[in-house]
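Have a look at the structure below, then the notes.
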Amino acid sequence: MSIEAVELHRIGMPLVRPFVTSFGRQNARDVLLVHVLTSEGDGWGECVAMSNPVYSSEYVDGAEAVLRDYLVPALLAAPETTAVDFATVVSFVVGHRMAKAALETAILDAELRAEGTSFAAYFGATRSTVECGVSVGIADSIDALLEEVDDYRAAGYRRVKLKIKPGWDIEPVRAVREAIGSDALLQVDANTAYSAADIRHLKKLDDFELVLLEQPFAEEDFIGHIQLAEAIDTPICLDESILNAAVAVDAIERGATSIINVKAGRVGGYLEAVRVHDVCAELGVAVWCGGMLETGIGRAANVALSAMENFLLPGDTSASSRYFQEDITEPFVMRDGEMNVPTGAGSGVEVREDLVKIFALGDPLVLH
Ligand code: OSB
Ligand code: MG
């Protein structure tokens, strides 16, 4: 297979409701799509970088620039590159994992479509359906939050994750726990909004039997997370901090985390995400699949990844309708709190190029 061209598409997808986290409010998803054209067919990847560098240092304009100026030219200079070789070909670029992940995924999609293998089969997935969780943003009031949580639970979501920040933590969590009862799976995500000075405050979360507390402190604050893990009973789960499989092992062995949120974009691609899964399985640490408000393109791959054996907790793999009025692939639908894992070749979903055009923020950039 030979890579012939790469298209970079920017689309704007309105969200069905604003998504508010400790790092800000989002009304639409500004998505960068990577379309790889090869001698044996095409493939798609979705870049999960956000509009602004507030979740991590990456952001969508930066990802587009590094793809355009470095990653795609390196690939086009070595057009026989396979998904497995790709990381080595672009290893001269430091970081920019989300940009690398998008291009690697597009190459992998093209390869697997050409040979008739699904992502799930390629990853060694063991399940045909996955359990769905939902990530609930910071609301305007506790009443509004309770209403939103009630809607999601009525729709069948198996687990609720609440976004928290200083000033929006103990009371909303208490209210939701009282409303949903002690058996329901509930967890929280702080997106780095706290510091080690807040350990005594965060210990109050121990009253609510949470599945986990996700990323309370800064990406690089391993010592803080170790101290917190020693001080509280609620399991700590790292998201932003886990940049690859080696960091995952280090964080686990040092006692900074006891559960890991796997996001392929954050670790540089699905091949590394599978390695994170594997090292965690060896260490007896459960993982779950995070999300970055993906369209159907990214969601298809996430659902396939979530079907691997050690994905033991429901992921942020929600139905397309939780995000968008209309998705750019066939929608992912939840039934009884679960979603089917695609079985078709590659991602197993078809990209609706008519909708990609309708949502386009400009002309695609075509690189040869
Ligand atoms: O921290 O998990 C996160 C969305 C954007 C950036 C970071 C995160 C999130 C979510 C939403 O929590 C997960 C989803 O539903 O895709
Ligand atoms: Mg998170």
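Sorting 34, 173 from the fewest to the most surrounding beta carbons within 10 angstrom yields 173, 34. Given the stretch 229-314, report the % of alpha carbon pairs whose separation exceeds 14 Å. Counting pairs separated by more than 14 Å, the tail of P(r) holds 58 percent. Taking other Cβ atoms within 10 Å as a rough exposure proxy, 117, 329, 317, 88 sort from fewest to most as 88, 117, 329, 317. Secondary structure note: in the chain, about 60% of the DSSP beta bridges are antiparallel. With R₀ fixed at 30 Å, the C-beta to C-beta distance from residue 80 to residue 23 puts the FRET efficiency at about 0.15. Dividing the C-alpha radius of gyration of the stretch 82-155 by 2.2 N^0.38 Å, with N its residue count, gives 1.72.
The loop-placed chymotrypsin sites (Phe, Trp or Tyr not before Pro) in the stretch 1-106, going by DSSP, that have at most 14 neighbouring Cβ atoms within 10 Å of their Cβ come out as 92. With contacts taken as Cα pairs under 8 Å and at least 6 residues apart, the stretch 120-340 reaches a relative contact order of 24 percent. Counting every alpha-carbon pair across the stretch 111-191, the share separated by more than 21 Å comes to 41%. The mean of 1/r over all distinct Cα pairs in the stretch 209-357, once inverted, gives the Kirkwood hydrodynamic radius of 16.1 Å.
Applying 0.36 nm per residue to the separation of residue 195 and residue 140 and subtracting their alpha-carbon distance, the gain on full extension is 17.4 nm.
Taking every DSSP helix (H) stretch of at least 4 residues in the chain, weighting each as -39,500 (n - 2.57) and dividing the sum by the residue count yields a mean residue ellipticity at 222 nm of -9500 deg cm²/dmol.
Quick note on the chain: its Rg to Rh ratio, both from C-alpha atoms and Rh being the Kirkwood radius, is 0.95. I'd like the distance separating the alpha-carbon centroids of the stretch 326-368 and the stretch 270-288, in whole Å. Between the Cα centres of the stretch 326-368 and the stretch 270-288 lies a distance of 26 Å. Were the residues from residue 233 through residue 154 laid out at 0.36 nm apart, the gain over their Cα-Cα distance would be 25.5 nm. Here the spin labels are modelled as points 7 Å beyond Cα on the Cα-Cβ line, and at residue 357 and residue 65 they lie 3.2 nm apart. Spatial offset of the stretch 170-213 relative to the stretch 295-320 amounts to 24 Å, using the alpha carbon center of each.
Cβ-to-Cβ counts within 10 Å put 232, 223, 170, 3 in ascending order as 223, 170, 232, 3, the fewest first. Among 116, 181, 346, the residue with the largest mean-square fluctuation in a Gaussian network model of the chain, with springs joining Cα atoms closer than 10 Å, is 181.
A short reminder: the numbers here are calculations on the coordinates, not readings from a lab. Remember, predicted model here, so these are calculated numbers, not experimental data. Backbone-built Cβ (ideal geometry, glycine too); neighbour counts: all protein chains shown.
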